[in-house]
Every structure is written in structure tokens, then in C-alpha cells.
């Protein structure tokens, strides 16, 4: 793992899926979902609140609390029908197009997997990370 503050190399989702499917619990899983969050040029306030001041995102300072992420993952693993949870978070100064995060959820049926993905991504975004957009 790289030092805190240094942008990381994203994982191979193909490798993640191969590893997940080789696990003993994979025989109980009927679905995997992957979330890939990416730095966008459009500011968060424009996308979420409709406020457009003409700003364009040129970068983002991204950091996370590893202990909180671990707790969120553990909580997700306890959800009904969920057998596989994996998270990768970037860090440091990111640029538009850079990967922010990858989340992989494997479970028995679609509703359980969708709910778990929604729960975990929301928890990470709201409780575990710091995102500071830089504008031009």
C-alpha cells in the first residue's frame, strides 16, 4: 500500500470477481454488483443541489478514515443475503476521471445486493471520507 496522500493504482475488477467466485461462499451468491466512483468536472453542489456558479472541478483532495471504513464493511457483511464485500479507496490529490472508489458486493438475490451496495456506498460517502473539490 502507498503512503497516505499519494494517489493509488486502482484494483483489477476482473481479479476481484475471480477471487470472489473462487470463495466457498460463492455457491450461495447469485449476483455481484460493482460501484466505481470517479472524479467528475461538475461540482457536487450543481449535481446535487442545482446550484451553478460556473465552476469546473479541476481536482479533488480525497482522504478516508480506515477504521470507519472497516466498521462500515463489517456492518454490510451482516446484512441479509450478503456473502462478499470488498472496498478500495483512493487518496491524495485526484483529477477528473480518476477513480475515487471501487465497491464489490456479492449476495444471494438482487434486492439484497442492491440494498447492501446502496447502504455501504452511502455510509462511506457520508461517514468515512473527506472530499474537497478544487475549482478553476
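The values are calculated or read from the model by the stated rules, or taken from the named source; none is laboratory data. Only a predicted model underlies this, so the values are computations on that prediction, with no experimental measurement involved. No Cβ is skipped: glycine too gets one built from the backbone with ideal geometry, and neighbour counts run over all protein chains shown.
Of the residues examined, residue 71 is one that is in a helix (DSSP H, G or I), surrounded by fewer than 15 Cβ atoms within 10 Å (Cβ to Cβ) and modelled with pLDDT of 95 or more. Only residues that are part of a strand (DSSP E or B) and either over 22 Å from the mean Cα position of the chain (by Cα) or farther than 21 Å from residue 114 by Cβ (or both) were counted across the stretch 28-60, and they come to 4.
Before we move on, is residue 17 touching a residue at least 60 places away in the same chain (Cβ under 8 Å) and touching a helix residue (DSSP H, G or I) at 6+ places or on another chain (Cβ under 9 Å)? It is false that residue 17 is touching a residue at least 60 places away in the same chain (Cβ under 8 Å) and touching a helix residue (DSSP H, G or I) at 6+ places or on another chain (Cβ under 9 Å). Give the stretch 84-108 a look and list any residue that's under 19 Å from residue 29 (Cβ atoms) and either touching a residue at least 60 places away in the same chain (Cβ under 8 Å) or out of contact with any strand residue (DSSP E or B) (no Cβ under 7 Å at 6 or more places or on another chain) (or both), or say none. Once the filter is applied, which keeps residues that are under 19 Å from residue 29 (Cβ atoms) and either touching a residue at least 60 places away in the same chain (Cβ under 8 Å) or out of contact with any strand residue (DSSP E or B) (no Cβ under 7 Å at 6 or more places or on another chain) (or both), the stretch 84-108 yields 84, 86, 102, 103, 104, 105, 106, 107, 108.
Candidates 25, 60: the one that is over 29 Å from residue 110 (Cα atoms) and either out of contact with any helix residue (DSSP H, G or I) (no Cβ under 7 Å at 6 or more places or on another chain) or buried (at least 16 other Cβ atoms within 10 Å of the Cβ) (or both) is 60. Within the stretch 98-128, the set of residues being more than 22 Å from residue 84 (Cβ to Cβ) and under 10 Å from the mean Cα position of the chain (by Cα) is empty. Taking the stretch 43-55 as the range and being surrounded by 14 or more Cβ atoms within 10 Å (Cβ to Cβ) and touching a strand residue (DSSP E or B) at 6+ places or on another chain (Cβ under 9 Å) as the test, the residues that pass are 43, 55. Among the residues of the stretch 1-27, write down those that are part of a helix (DSSP H, G or I), within 23 Å of residue 119 (Cβ to Cβ) and modelled with pLDDT of 95 or more. Correct list: 13, 16, 17, 19, 20, 21. Note on the stretch 77-127: residues that are crowded, with 17+ Cβ neighbours inside 10 Å and part of a helix (DSSP H, G or I) total 9.
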